[in-house]
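Inspection log for the structure reproduced underneath, given as structure tokens.
The values are calculated or read from the model by the stated rules, or taken from the named source; none is laboratory data. Small disclaimer: the values here were computed from a predicted structure and weren't measured. Heads up, the Cβs are rebuilt from the backbone with ideal geometry, glycines too, and the neighbour counts pull from every protein chain shown. Protein only, heavy atoms only, side chains kept; ligands, DNA and RNA dropped before computing areas. Shrake-Rupley method; radii C 1.70, N 1.55, O 1.52, S 1.80 Å.
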Amino acid sequence: MKFFIDTANLAQIKEAKDLGILDGVTTNPSLMAKEGIVGTENVMAHYKAICEIVGKGDVSAEVISTDFDGMIAEGKVLAAINPNIVVKVPMIKDGIKAISWFTAKGIRTNCTLVFSAGQAILAAKAGATYLSPFVGRLDDISWDGMDLIAQIAHIYQTQNYKTEILAASVRNPLHIVKSAECGAHVVTCPLDAILGLLNHPLTDIGLAKFLADHKKANG
Ligand code: G3P
């Protein structure tokens, strides 16, 4: 399973990259706004900076338009920033049309705001490179986000769809573990969730004992 970081914060992207486990980055308009990145030129420059930090990995850049022509125009500009840019398109009717268009032109896409298996089938039919089911936002309304990941994984395997399942709105270490278990190809989450995977009290206790024994023996 690939690890993407879900942020537009350059310091956090760099920290994940330095860990040696970073496969890519996802952003969205809310994450860009959170970093204070406004205006087309600044947004483009920021995507460029993200791509430079990530190196080989994919970087999802989301369109703001909700109509077909607007999405195509924006997507072309975004895709021209760097070969690793993946155009992120919302799961709406014009979005599906745009994904089909981008697919035919060899531009890779990430279909976002996915909450059902039906939407997942449509995105795969349109040729989306990645599909982003929002696990945490389903959990927020008492649906089980992981059930959806498992259902889509089963469908994609049965139908031999090539679209990769990118578990999104992943907020904690358990979401990451469950995504791996349910067959997600990629998980995208904040840095905290990734670092949370490190934690186990027995690791801390064991390390303290090793170091104490070494000190006792060696002075
Ligand atoms: O990748 C989508 C993600 O950014 C949404 O996460 O936590 O806002 O639901 P969240």
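Scanning the stretch 1-13 for any residue that is away from the ligand (no atom under 15 Å from the Cβ), out of contact with any Gly (no Cβ under 7 Å at 6 or more places or on another chain) and under 20 Å from HIS175 (Cβ atoms) turns up at least one such residue. When ARG108, ARG137 are checked against the criterion of being on the phi < 0 side of the Ramachandran plot, away from the ligand (no atom under 13 Å from the Cβ), out of contact with any helix residue (DSSP H, G or I) (no Cβ under 7 Å at 6 or more places or on another chain) and open to solvent by 50 Å² or more (accessible area, probe 1.4 Å), ARG108 stands alone in meeting it. Looking for something farther than 30 Å from LEU78 by Cβ and part of a helix (DSSP H, G or I) - is there at least one such residue anywhere in the stretch 186-194? The answer is no; no qualifying residue exists.
Within the stretch 149-172, restricting attention to residues that are farther than 22 Å from THR27 by Cβ and either basic (Lys, Arg) or in contact with a helix residue (DSSP H, G or I) (Cβ under 7 Å, 6 or more places away or on another chain) (or both), which residue is nearest to the ligand (Cβ to nearest atom)?
ILE152
Cβ separations smaller than 8 Å between residues 6+ apart or across chains give no pair from the stretch 16-34 residues that are closer than 23 Å to LEU113 by Cα and in a helix (DSSP H, G or I) to residues that are among the aromatic types (Phe, Trp, Tyr) and within 12 Å of the ligand (Cβ to nearest atom).
Of all residues in the stretch 14-45, those being under 22 Å from ILE107 (Cα atoms) and either surrounded by fewer than 13 Cβ atoms within 10 Å (Cβ to Cβ) or more than 16 Å from the ligand (Cβ to nearest atom) (or both) number 5.
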